[in-house]
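Step one of this worksheet: look at the structure below.
Bear in mind that the values in this text are calculations on the coordinates, not laboratory data. On a predicted model such as this, the values are computed, not experimentally measured, just so you know. Methodologically, a virtual Cβ is constructed for each residue, glycine included, from the backbone with ideal geometry; neighbour enumeration extends over all protein chains shown.
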Amino acid sequence: MTLVVFGSVNMDLVSRTPRLPAPGETLIGSDFYTTPGGKGANQAVAIARLGLPTHLVGRVGNDAFGPELLAALGQAGVDTRGVVVDDSVHSGVAVITVADTGENQIIGVLGANDRLDQTDIQRLERYLPAADLLLLQLEIPLAIAQAAAQTAKQAGVKVMLDPAPVPPESLISLYPWVDFLLPNEVEASQLVGFPVTSPATAAQAAAHLHQQGANTVIIKLGAQGAYCATPTNSFFVPAFAVTAIDTVAAGDAFAGGFAAAIAQSLSLIQAVHWGCAAGALATTQVGAQTAMPDRATFDSFLAQH
Ligand code: ADP
């Protein structure tokens, strides 16, 4: 089993402040750290930490973050030979302010992730013959995400799409190339145009997406769990009861757990269970990539539940 992730690699730059600054105001913060992120990288780490061979195809930029991001991925066990350094641009970053008041502000600058083009599709093609599943997210140009999905599908590789962030353009032309569509509540609401907040509204959303041509839809419902519907069958998996301390990247952990199960030919219901388990475990740890469970933790959690 081999999985390929085609997507974004970011460095998160996080400042802690007493409150959010007003426009034009300079505030002195109390803490600062950098931590690797990006949905593509997070999902690759989530799978690799579960012990499955994982290739990432993408780009980092010409700054000090590039080598640091590659090193973090390598340490987690991700094969980064498909990630190139783009000398013409900075690495993707997210500039994040977390205020003591609990509010936050995030500016994402796609940088190298926004430069993905046909040459990246050619690199992707090298990994497809041995791949079972391709994971896509939308922190890269939409046309290239679509090309990646088509290329994988035509090579007989299953495609999973985490439609985040939802772009202003319609995703309908992408649906026929996607086997598994995994929005969270916010993304599902944006895709269908009505609020999705519960298993009942998730069922309505899935029916709407099926009408638009989507295949299997898995709607992540945060602390409620996840709702899954194929065009002919549906089920809801309640969330595992855990003490959540930080829900950052729970969705990326879900994607990793789900993908690992699908690549191992487990059933759809088992795959949603694996997704929920990985998502729940990620909420018990702080951070994004640092919160992804390793295989031993994951197996013992599943055995206990
Ligand atoms: P995203 O991070 O994309 O917004 P969610 O917040 O829906 O995604 O989380 C993904 C999955 O992680 C959920 O479907 C659920 O299974 C699990 N999860 C999230 N929050 C919790 C929680 N507080 N307790 C248990 N599981 C959770």
Using +1 at the C-beta of Lys and Arg and -1 at the C-beta of Asp and Glu, which of 141, 119, 172 has the Cα lying farthest in the positive direction of the dipole of region 98-177?
119
Could you give P(r) for region 206-305, binned at 5 Å from zero, as whole percent values over all Cα-Cα pairs?
3, 14, 24, 25, 18, 9, 6, 2, 0
Taking the simple approach of a point 7 Å from Cα along Cα-to-Cβ for both residue 244 and residue 194, what is their distance in nm?
2.5 nm
Loop-only check: which GluC sites (Glu not before Pro) in region 144-214 are DSSP coil with at most 16 other Cβ within 10 angstrom?
169
Need one number: % antiparallel among DSSP beta bridges in the chain, to the nearest 5.
40 percent
Dividing the convex hull volume of the Cα atoms of the chain by its residue count, what figure in Å³ per residue is obtained?
135 Å³
Describe numerically, in nm with one decimal, the distance between label points set 7 Å from Cα along Cα→Cβ at residue 26 and at residue 62.
2.9 nm
Using the Cα atoms of region 36-83, I'd like the radius of gyration and the largest Cα-Cα distance, Dmax, both in angstrom.
9.8, 30
Starting from the Cα of residue 75, move 7 Å in the Cα-to-Cβ direction to define the label point; list residues of region 91-128 whose amide nitrogen is under 17 Å from there.
none
Dividing the surface of the Cα convex hull of region 236-294 by four yields a projected area in nm² of 3.7 nm²
Zone of residue 143's modelled label, taken as backbone nitrogen in region 82-121 under 15 Å from a point 7 Å along Cα→Cβ
114-121
Around residue 66, what is the net charge, scoring Lys/Arg as +1 and Asp/Glu as -1 over all other residues with Cβ under 14 Å from its Cβ?
-2
Cα centroid separation - region 1-18 against region 216-283, whole Å
20 Å
What ranking, highest mean first, results for peptides 83-90, 48-55 when packing means the other Cβ atoms within 10 Å averaged over each residue?
48-55, 83-90
What order, most packed first, do the peptides 109-120, 190-201, 13-24 have when packing is the mean number of other Cβ atoms within 10 Å of each residue?
109-120, 190-201, 13-24
What is the log10 of I(q)/I(0) for region 181-233, computed with the Debye formula using one identical point scatterer on each Cα and no solvent, at q = 0.15, 0.24, 0.29, 0.30 Å⁻¹?
-0.30, -0.79, -1.18, -1.26
Could you check the spin-label model distance between residue 294 and residue 154? Points 7 Å from the Cα along Cα→Cβ, value in nm.
4.2 nm
Near the amide H of residue 12, under 5 Å away, which other amide H atoms are found, from residues 5 or more places off or on another chain, if H is placed in the peptide plane?
35, 37, 94
Farthest positive-ward along region 1-62 dipole, Cα basis, beta-carbon charges - from 26, 8, 46:
46
Once normalised by the length of region 26-175, the mean sequence separation of its alpha carbon contacts under 8 Å that are 6 or more apart gives a contact order in percent of 18 percent
